[in-house]
Amino acid sequence: MWLIIIFSILVLDILWNTFLWGYKDRNITDIESDDAACFCEEAKSITLKGNNTKAIILVHGYPSSPRMYEYSAKRFFEAGYDVYVPLLPGFGTDVKEFEKTNFTQWFNYLCRYYEKIRADYPTVFVLGTSMGGLMTLKLGELYCNTPKAPNALVSIAAPVVYNSIRDHIITDWRFSFMRTIALFKPTFAAKTVKGNPKSEDGNELWTGYSGLFIKQGISLVHAMPPVRKDLGKITCPLFAIQDVGDKTVPFGNLKIIQKENKSTDFKTLETKMGNFNHTHHALLLYRSIQGELTDTILDFLKDKE
């Protein structure tokens, strides 16, 4: 009898972790980004303005910073765009401050930011990588069929599924225990990172956090199913990109986006990078591909102005 009870509790705990039953972001109070609180200059927002009539917003990933767009931001500006790379609130700050934030607060800030830029320009594009790509898709679902619709969206390595046997996508099996672990220890080896000298191909410039932020990770994973469910609401032009060897977000995510979005002007690109000492994930950070990929994105956007 006791074995049955223990087994049942274990199964229920795994299901509670896996499906996030009853989960919601508790604190959804609006917060603002603060460059002055950044742990280093490189993590700060990037703004390049030249009185252009078109703008592009670049959304960084988790747990990264605007530095991932240092190269492409300059390229977009040279091509005639005002460029905005906001630091999402909580990011770039002390670890303890970042621990207080969640996906709802990050995305709500992005919406406020987007609406302000949208009101100032007749042409606005949004590009996001990883979590920034997920947010870009969610932004499209929210605004595509409204007067505030973006002129086009670009998602790079966007996750819309975390662990799903049905979709043959497993990002990390450990997630089946993380919610329980978070009750006792919310982070593991969490620290700020300014560059990664052991990497190459531009990835040595990666700036953000390392370690595990379990509560923030759960918040992010919880945001994925609603975005996947609403992919059919994306009707504005969409360019979805991912490398087949992505070691951070399983490549199957791109296949889902390809199949389930309803954009009337959809383009996709499956890149195949060489054998580099990085995860093939933050594509616009890598010297070996960032030039050609930026050219390809600019060609896509040119027809949407």
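Listing for the model above:
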item	result
Complete set of residues in segment 165-185 that are open to solvent by less than 60 Å² (accessible area, probe 1.4 Å) and either assigned to a loop (DSSP other than H, G, I, E, B) or of a type in the set (Phe, Trp, Tyr) (or both)	Asp167, Thr171, Asp172, Phe175
For Ile28: the one exception among (1) surrounded by 14 or more Cβ atoms within 10 Å (Cβ to Cβ); (2) over 30 Å from Asn196 (Cβ atoms); (3) under 21 Å from the mean Cα position of the chain (by Cα)	(1)
Residues within segment 1-25 that are among the aliphatic types (A, V, I, L, M) and open to solvent by less than 50 Å² (accessible area, probe 1.4 Å), tallied	1
Pair list, Cβ < 6 Å and 6+ apart or interchain, from segment 1-19 residues that are modelled with pLDDT of 95 or more to residues that are open to solvent by 100 Å² or more (accessible area, probe 1.4 Å) and not aromatic (Phe, Trp, Tyr)	none
All positions within segment 32-65 that are exposed (fewer than 14 other Cβ atoms within 10 Å of the Cβ) and either touching a residue at least 60 places away in the same chain (Cβ under 8 Å) or among the basic types (Lys, Arg) (or both)	Glu32, Lys49, Thr53
Of all residues in segment 205-258 being over 29 Å from Leu301 (Cα atoms) and open to solvent by 40 Å² or more (accessible area, probe 1.4 Å), the one that is nearest to the chain's Cα centre (by Cα)	His222
Residue satisfying condition, being under 15 Å from Glu32 (Cβ atoms), acidic (Asp, Glu) and either open to solvent by less than 10 Å² (accessible area, probe 1.4 Å) or within 20 Å of the chain's Cα centre (by Cα) (or both), within set Glu99, Glu115	Glu115
Hits in segment 84-96 (condition: surrounded by 17 or more Cβ atoms within 10 Å (Cβ to Cβ), farther than 13 Å from Val193 by Cα and of a type outside the set (Phe, Trp, Tyr))	Val85, Pro86, Leu87, Leu88, Pro89, Gly90
Only listed residue being charged (D, E, K, R), in contact with a His (Cβ under 9 Å, 6 or more places away or on another chain), more than 20 Å from Leu212 (Cβ to Cβ) and modelled with pLDDT of 95 or more, chosen from Arg118, Arg67, Arg75	Arg67
Extreme residue, surrounded by the most Cβ atoms within 10 Å (Cβ to Cβ), among residues of segment 259-281 that are over 17 Å from Val160 (Cβ atoms) and basic (Lys, Arg)	Lys267
Those residues of segment 70-83 which are open to solvent by less than 20 Å² (accessible area, probe 1.4 Å) and in contact with a helix residue (DSSP H, G or I) (Cβ under 6 Å, 6 or more places away or on another chain), in sequence order	Ser72, Val83
Flag for Gly140 being closer than 27 Å to Tyr162 by Cα, modelled with pLDDT of 95 or more, among the small types (Gly, Ala, Ser) and outside any helix (DSSP H, G or I)	no
Residue within segment 267-287 that is aliphatic (A, V, I, L, M) and farther than 30 Å from Gly80 by Cβ present	no
Gly133 vs. criteria in contact with a Pro (Cβ under 7 Å, 6 or more places away or on another chain), at pLDDT 95 or above and in a helix (DSSP H, G or I)	no
Selection count where residues are aromatic (Phe, Trp, Tyr) and out of contact with any strand residue (DSSP E or B) (no Cβ under 6 Å at 6 or more places or on another chain), scope segment 188-208	1
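The values are calculated or read from the model by the stated rules, or taken from the named source; none is laboratory data. Fair warning: this is a prediction, and the values are worked out from it, not measured in the lab. Counting neighbours? That spans all protein chains shown, and the Cβs are built from the backbone with ideal geometry, glycine included. These accessible areas exclude ligands, DNA and RNA; they are computed on the full protein's heavy atoms, side chains included. Shrake-Rupley method; radii C 1.70, N 1.55, O 1.52, S 1.80 Å.
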